[in-house]
1. Which of the helices (runs of 4 or more DSSP H) found entirely inside segment 305-399 contain at least 2 residues meeting this: more than 24 Å from the chain's Cα centre (by Cα)?
2. Got a sec? Which helices (runs of 4 or more DSSP H) wholly within segment 63-151 have at least 1 residues that are among the aromatic types (Phe, Trp, Tyr)?
3. Among the candidates Ser244, Ser252, Ser248, Ser262, which residue alone is in contact with a Ser or Thr (Cβ under 7 Å, 6 or more places away or on another chain), among the small types (Gly, Ala, Ser) and either at pLDDT 95 or above or within 16 Å of the ligand (Cβ to nearest atom) (or both)?
4. In this structure, does Phe140 turn out to be touching a helix residue (DSSP H, G or I) at 6+ places or on another chain (Cβ under 6 Å) and either within 16 Å of the ligand (Cβ to nearest atom) or farther than 21 Å from Gln196 by Cα (or both)?
5. Give segment 58-83 a look and list any residue that's of a type in the set (Ser, Thr, Tyr) and touching a Gly at 6+ places or on another chain (Cβ under 6 Å), or say none.
6. Does Tyr153 count as under 19 Å from the mean Cα position of the chain (by Cα) and of a type in the set (Ser, Thr, Tyr)?
7. Of the residues Gly189, Gly208, Gly228, only one is within 16 Å of the ligand (Cβ to nearest atom) and at positive phi; which?
8. Looking only at segment 128-156, filter to residues that are touching a residue at least 60 places away in the same chain (Cβ under 8 Å) and not aliphatic (A, V, I, L, M); which one of those is nearest to Phe212 (Cα to Cα)?
Amino acid sequence: ASLFTAIEMAPRDPILGVTDGFNSDKNPQKINLGVGVYSDDDSKVPLLQCVRKAEAQLIEKLSPRTYLPIDGLAAYDKAVQELVFGADSAVITEKRAITVQAIGGTGALKLGADFLKRFSAENTQVWISDPSWENHRALFEFAGFTVNNYPYYDAATRGVNFAGMLDALKTMPRGAIVLLHACCHNPTGADLSSDQWTEVIQVVTQNGLVPFLDMAYQGFGDGIDADGEVVRRFTDAGCPLFISNSFSKSFSLYGERVGALSIVATTAEEAGRILSQLKRVIRTNYSNPPIHGGQVVATALASPELRALWEEELAGMRVRIREMRELLAKKLKEQAPAHDFSFVTKQRGMFSYTGLTKAQVEKLRDEFSIHTIDTGRICVAALNTKNIDYVVASIAKVL
Ligand code: PLP
């Protein structure tokens, strides 16, 4: 037997598997509601104007492609910090926050996971929401952690089972790592209210848990600052804090892999030690990050004109998704009056847990060429004024 003989076939990625199915579907009317990508009213993934303009500036002053520092482009790290914490944040002025460029939000999570595995007590475990982004569990398991679920989604109300979540937080041991979605929960679209965050922050700080905020959708909920509010409330509470963020969605830069990991320490001296160790994690993984995406984002965020343009374009995406939620709920009410879909308008971000069963999802795919995830999650950002009537009519037929 060779080294490879006993290797078993790995399970297919549930979401990329949907895309495979979509790609091989011959029906010209086919629609992919599976993947988490924003597309415009013409079903196209936008290339934002602010990105075009930033790239034009970069091309004008064509620079050599030397290595970036291990922790990334300094201008990028600074811009990210101001976006995530707020420009006037005490954790920035007191030099208690460190931010390193990462290979997308996924890369940021993995850096955080590897760092935590190295420096947490040996039996430290991770808790993620039930359900969560499907990569969270595997990512932390591959970093060597045991991963548990805390209750989150309540199918009966299509909202958050907050009592269950809070009870679970209260029973976690000190030092436990708890992964929280800062806004626009993926996959459910159900977020905590401001008052519920207050209670979560209280339990997290009192019980000495280590919060890891995944913020892949800043700007898609209620706006850049409103969505970042959760981060600010955690920093005010004064606990150690991990934040992964991503520009894949907010700059429509999916393939450039631009994200960052930020860690908040108690003192500047502590932050220095953390950064030195985080650099070792990076150095032994991929040495240093790629240049282009980070430069585009840093250029756009540093220029008042491009920054304003970005905010406008991001607001455009946010508003369009919200309009699709309103339309979806309204049209489903007309065509399937026996079913209540009003929850769709209360959910935030790109996704909705529709409550469609696996059998209904299969029927949508096999009979109507509408492809989505078995759990009934749909990407609302893939709906548009041209495909929504067909989607609603098809859903009404499978209900
Ligand atoms: N975290 C969540 C909750 C996500 O939904 C995603 C992307 O879908 C990511 C992280 C990863 O982001 P990126 O594509 O930048 O790696």
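The values are calculated or read from the model by the stated rules, or taken from the named source; none is laboratory data. Owing to the predicted nature of the structure, the values given are computational and were not obtained by experimental measurement. All Cβ positions, glycine included, derive from the backbone under ideal geometry; neighbour counts span all protein chains shown.
1. On the way: elements: 343-346, 358-368, 388-398.
Passing ranges, in order: 358-368, 388-398.
2. Once the helices (runs of 4 or more DSSP H) in segment 63-151 are filtered for at least 1 residues that are among the aromatic types (Phe, Trp, Tyr), what remains is 74-85, 104-119, 134-142.
3. Result of the check over Ser244, Ser252, Ser248, Ser262: Ser262.
4. In short, yes.
5. Tyr76
6. In short, yes.
7. Matching residue, one of Gly189, Gly208, Gly228: Gly189.
8. We begin by selecting, within segment 128-156, every residue touching a residue at least 60 places away in the same chain (Cβ under 8 Å); these are 131, 133-134, 136, 153, 155.
From the residues that got through so far, the ones that are not aliphatic (A, V, I, L, M) too are 131, 133-134, 136, 153.
Values: Pro131: 16, Trp133: 14, Glu134: 16, His136: 11, Tyr153: 19 Å.
Checked segment 128-156; the qualifying residue nearest to Phe212 (Cα to Cα) is His136.
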